[in-house]
Amino acid sequence: MPHVKKPISLDLVGVTKVYPGVIALSNVSLSIRGGEVVGLIGENGAGKSTLMKVLGGVIAPDGGRIVIDGADISDLTPARAVEHGIAFVHQELNPFTNLDVTANVLLGREMRKGMLGLIDRKAMEARVRPLLEMLGTRFGPGDPVSGLSLADQQLLEIARALSINVRLLILDEPTSSLTLSETQRLMKVIRLLRDDGVAILFITHRLGEVADVADRVVGLRDGGNAGELAPADINKNAMVRLMIGRDVSQFYETATEPAGAIVLETKGLRTRTYPHEPVDLALRGGEILGLAGLVGAGRSELARAIFGVDRPEAGTVEVSGTPVPPGSVIEAIKAGICLVPEDRKSEGLFLDFSVAGNIAAPSLATLSRYGLVDRDAELALADHARREFAIKAPRLDRPAGELSGGNQQKIVLAKWLVTRPRVIILDEPTRGIDVGAKAEVYHLMRRLAAQGAALLMISSDMEEVIGVSSRVMVMSRGRVSGVLERHELSEENILRLAVE
Amino acid sequence: MHKKDLGLAVLVLCVGTIVALVNPRFISPVNLANTANLIGLFGLFSIAEAFVIVTGGIELSIGSVIALLGVIFIDLIATWGVAWPMALLIVLVLGVLIGLLHGWLVTRLQLQPFVVTLCGLLIYRGVARFYTRDGTAGFSFGSDFPMLERIVAGRTGGIPHSVIAFAVVAVVAWFILHRTVFGRHLFAVGKNEVAARYAGINTRRVIVSTYVLCIFLTAVSAVFFAMYTRSVQPASHGNFYELYGIAAAVLGGFSLRGGEGSIIGVVLGVILLQVLQNLVNLLGIPSSLNFAVMGSVILVGVIADTQISAYRERRRHLATMSGLARQPEAGE
């Protein structure tokens with residue numbers, strides 16, 4: 001177990017960072033000491049990532065001071081940040097899947113032996129093993145990383161941080177892809193490290209977790225300090241106020257719509273992942289069916305089979321009674337099915353394409369003649385969608401990747417909505433986006449349902465599932481373990497079915 | 001040895017056995033020595049190419065460099081009377097400089113490796129042809145360099161020295177790639193350059209060194225080739241050789257996206273390519289089909305490889321799933 005010899009004392013004083021046209025940080029101050037967990041909250045674009053990069057020495061601030069252990073650090077580089085014991089666990093994990101666990105943990109700090117400087121595998125494994133034991137991982141130092149789950153990759157990153165004798169651990173959205181039990185295990189690790197004298201900066205949109213683990217909460221808004229909450233004041237409402245500067249009164253619009261005729265129906269649908277578990281579901285127009293379950297329960301696989309990304313082993317998908325030819329995205333789209341994928345950056349958006357190009361992508365057939373795209377019609381459609389869905393994009397011809405996560409997600413939704421789909425599958429629709437944008441996404445979903453579309457929402461955010469769904473179907477290991485009506489919805493009921 | 005390498009080894013043995021059965025001349029000492037010589041010659045720069053590929057780069061100028069440095073080498077000793085060790089040194093230094101230039105353009109000016117080395121392919125070939133006024137660089141009648149020829153083109157116990165050089169380079173390369181920290185960093189850079197930089201690896205230096213290493217080894221092989229052909233016609237000498245190197249690496253399990261591959265694989269890839277060439281000759285297949293045969297075998301090999309890994313992935317997935325089913329919520 002790493003024993004922190006000298007707990008860190010770090011102060012950011014009046015830090016400012018200006019990018020061309022944007023003030024990313026304006027006069028931000030933040031203090032953190034060894035042995036405390038500080039929750040850092042703020043909407044997307046509030047300056048959290050910039051602050052992180054300053055702490056990691058990746059970018060140099062334009063103004064202000066960084067004081068570590070009482071000394072002014074004027075030129076913090078990534079290497080010097082490591083020397084000071086500052087380590088990160090990034091939101092988007094990218095471990096080296098071509099190397100094993102030990103090689104990943106000690107990458108860049110390999111141990112050598114002999115005159116030739118060959119890799120000393122034994123010494124490296126001996127260094128890594130106790131770290132893994134402390135974290136209670138299911139994988140060992142020699143295991144390949146390619147087979148690890150997201151949760152295990154997270155622990156791998158933490159092991160990496162521990163291996164540099166961490167004094168300040170910065171966790172960026174560490175739980176966004178973890179199941180409940182994995183999250184709890186991570187929280188346990190965080191408390192362990194704190195008791196050991198490590199300072200922890202915990203960045204997340206999941207306010208429940210902040211309330212759970214943080215000793216203090218710091219809020220950022222529009223690049224500046226929004227305030228701080230003492231332990232006694234940490235609760236969800238106070239945090240939301242801190243982040244957006246006002247109360248969010250009606251966060252979930254829970255009015256249940258009268259359900260129409262059955263729009264989507266699967267009969268005996270079996271996916272390749274769970275070839276022995278046929279799934280039957282029926283979805284009515286105007287309904288939002290929540291699909292809950294643990295990560296790996298087969299929810300995404302089901303969605304991919306319905307949307308034709310993967311060919312199902314057996315079974316049929318019908319839209320309004322008409323069978324959809326299996327295993328073809330083109331046929332699924334023709335039938336009026338659309339999928340808002342979980343990973344919007346790789347599957348949902350063309351980040352380099354313009355905002356207009358993204359919105360028009362699924363509608364090109366109607367926007368073109370003789371194979372030529374009508375650019376005016378494209379822009380008109382995009383402009384309409386921008387106003388309709390309140391997408392904050394100053395220019396439609398700029399790349400979508402420049403917008404905040406919330407606005408990117410609105411583009412993904414908008415591009416399908418303009419095609420007037422009948423079935424909309426949403427896979428973790430609000431993952432990694434902030435409270436304000438979440439409320440808008442929920443609002444869009446309700447509007448779609450009101451127009452008669454059938455929505456299938458996969459979500460691991462329990463509050464979201466309960467708040468948004470008209471009904472909830474729970475899956476466990478590929479099987480539908482139960483369906484809960486609106487009045488039966490509770491965290492406990494869902495969990496019981498999920499672990500069945 | 002990886003399963004992939006094992007599969008390739010089996011393939012090499014099968015093809016070899018079939019050719020030997022159809023035409024026993026395949027295993028005659030003369031033919032074996034000739035094929036081995038070619039394996040050695042082509043192997044040197046194939047290993048060089050592999051180092052660039054493992055970092056996600058590519059080197060397309062190998063053939064042109066072999067022509068240019070071959071021309072310069074022969075010209076230095078035959079026309080200018082430079083002592084051959086000095087000429088060798090000059091050629092090797094030139095190779096290092098070319099490699100440095102490529103690496104600098106890729107890492108400092110952020111140009112794409114394909115573009116940089118494609119331009120290299122065109123430029124060096126052009127310079128070589130201009131240098132000889134589109135003629136042939138060769139030794140004048142009667143001039144000979146017995147020491148040099150014995151070292152580079154000679155044989156010991158019937159084994160061509162090119163094979164010995166190839167074997168030595170392969171062993172050293174294996175150690176570098178699979179046992180040293182530098183090799184580990186090559187794999188890391190190839191998989192994810194940004195993450196590698198954040199891990200404290202000097203990614204620029206790593207990438208530059210692969211180009212230097214690549215063209216340095218190519219310079220060595222340029223000397224071997226020059227002494228093998230004894231005259232260099234810069235318009236055709238070394239044409240397409242970079243593609244042999246890339247093909248050998250791909251056959252050997254290297255991913256052109258970087259981060260994957262093994263030296264044993266590329267060695268086997270080189271051997272397979274030369275055996276295939278030999279097969280075309282020995283089985284009476286029209287030599288115009290040479291490339292077609294090679295291309296087909298590579299394609300089939302790559303298809304088989306991806307299908308087998310997809311199958312394995314599926315099976316592993318199913319095994320994990322059934323493991324989960326037996327042990328609900330294990331380890332929580």
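Computed from the coordinates by the stated procedures, all read-outs in this text should not be read as laboratory data. Predicted model, so just to flag it, every value in this text is computed and none were measured. Virtual Cβ from ideal backbone geometry, glycine too; neighbours counted across all protein chains shown.
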Using Cβ counts within 10 Å as a stand-in for footprinting exposure, how do A:143, A:100 rank, fewest first? A:143, A:100
Reachable lysines, given that their alpha-carbon falls under 19 Å from the alpha-carbon of residue A:415 and they are not under 8 places away in the same chain: A:334, A:345, A:392, A:438
Dipole magnitude of the protein assembly as shown about its Cα centre, charges +1 at Lys/Arg Cβ and -1 at Asp/Glu Cβ only, in debye to the nearest 20? 1540 debye
Does segment A:362-452 classify as rounded, prolate or oblate by the C-alpha gyration tensor (a ≥ b ≥ c root eigenvalues; a/c under 1.5 gives rounded; else a/b over b/c gives prolate, otherwise oblate)? oblate
Size of charge dipole - segment A:333-411 - debye, nearest 20, with Cβ of Lys, Arg +1 and Asp, Glu -1, no other charges: 140 debye
Lysines within cross-link reach of residue A:113: Cα-Cα under 24 Å, excluding same-chain residues under 8 positions apart? A:122
With no solvent and one point on each alpha carbon, what is the Debye value of log10 I(q)/I(0) for segment B:127-211 at q = 0.14, 0.19, 0.26 Å⁻¹? -0.78, -0.88, -1.16
Peptide B:121-133, shielding by other chains (average Cβ, 10 Å cutoff): 0
Go through A:404, A:389, A:416 and say which Cα lies farthest out towards the positive end of the charge dipole of segment A:363-429; charges sit on Cβ, +1 for Lys and Arg, -1 for Asp and Glu. A:389
Just the number, please: Stokes-Einstein D of segment A:316-366 in µm²/s, Kirkwood Rh from C-alpha pairs, 37 °C, 0.692 mPa s. 260 µm²/s
Under the Debye formula (equal points on every Cα, no solvent term), log10 I(q)/I(0) of segment A:286-373 at q = 0.16, 0.19 Å⁻¹: -0.82, -1.07
Where the centre of each part is set by its Cα atoms, how far does segment A:477-500 sit from segment A:377-437, in angstrom? 31 Å
Checking the a/c ratio against 1.5 first, then a/b against b/c, what shape does the Cα gyration tensor give for segment B:212-307? oblate
Cα Rg over Rh - segment B:26-96, Kirkwood: 1.09
Using just the Cα positions, wrap segment A:19-93 in a convex hull and report its mean projected area in square nanometres, one decimal place. 5.9 nm²
If each of residue B:133 and residue B:229 carries a label point 7 Å out from its Cα toward its Cβ, how far apart are those two points in nm? 2.1 nm
Can you tell me the relative contact order of segment B:1-116? Whole percent, Cα pairs under 8 Å, sequence separation 6 or more. 17 percent
So what J values fall out for segment A:103-115 if you push phi through Karplus, 6.51 cos²θ - 1.76 cosθ + 1.60 with θ = phi - 60°, rounded to Hz, Gly and Pro as x? 4, 5, 4, 9, 4, x, 9, 5, 9, 10, 9, x, 6
Relative contact order, percent, chain A [alpha-carbon distance under 8 Å, six or more residues apart]: 15 percent
Listing A:430, A:316 from the residue with the fewest other Cβ atoms within 10 Å to the one with the most, what is the order? A:316, A:430
Counting only helical runs of four or more DSSP H residues, what would the 222 nm mean residue ellipticity of chain B come to if each run contributes -39,500 (n - 2.57) and the total is spread over all its residues? -25000 deg cm²/dmol
Could you work out the equivalent-ellipsoid semi-axes for the protein assembly as shown, taking the square root of 5 times each eigenvalue of the Cα gyration tensor, largest first, in whole Å? 55, 34, 27
Checking the a/c ratio against 1.5 first, then a/b against b/c, what shape does the Cα gyration tensor give for segment A:414-464? prolate
For n ≥ 4 DSSP H runs only, could you compute -39500 (n - 2.57) per run for chain A, divide by its residues and tell me the 222 nm figure to the nearest 500? -9500 deg cm²/dmol
Over the Cα atoms of segment B:12-167, each weighted equally, I'd like the Debye log10 I(q)/I(0) at q = 0.18, 0.21 Å⁻¹, rounded to two decimals. -1.19, -1.33
For chain B, what relative contact order do you get, as a whole percent, if you take Cα pairs closer than 8 Å and at least 6 residues apart? 34 percent
Where the Cα atoms of segment A:176-230 are projected onto their three principal axes, how long is each span, largest first, in whole Å? 33, 27, 16
Neighbour cut-off at most 14 other Cβ (10 Å), DSSP loop, chymotrypsin sites (Phe, Trp or Tyr not before Pro), segment A:329-377: A:350, A:370
Listed by chain and number, the aspartates and glutamates with an alpha carbon less than 18 angstrom from that of residue A:48, same-chain partners under 8 positions apart left out, are A:11, A:62, A:92, A:172, A:173, A:209, A:222, A:228, A:402, A:434
Just round it to a whole percent: the fraction of Cα-Cα distances in segment B:187-237 exceeding 11 Å. 73 percent
Using only Cα atoms, figure out Rg for chain B and give it as a multiple of 2.2 N^0.38 Å. 1.09
At a 10 Å Cβ-Cβ cut-off, how would you order A:124, A:115, fewest neighbours first? A:115, A:124
Given H placed 1.01 Å from N in the peptide plane, which residues other than close sequence neighbours of residue A:221 have an amide H under 5 Å from its amide H? A:226
Please get the size of the charge dipole for segment A:266-413, origin at its Cα centre, with Cβ charges of +1 on Lys and Arg and -1 on Asp and Glu, quoted in debye to the nearest 20. 160 debye
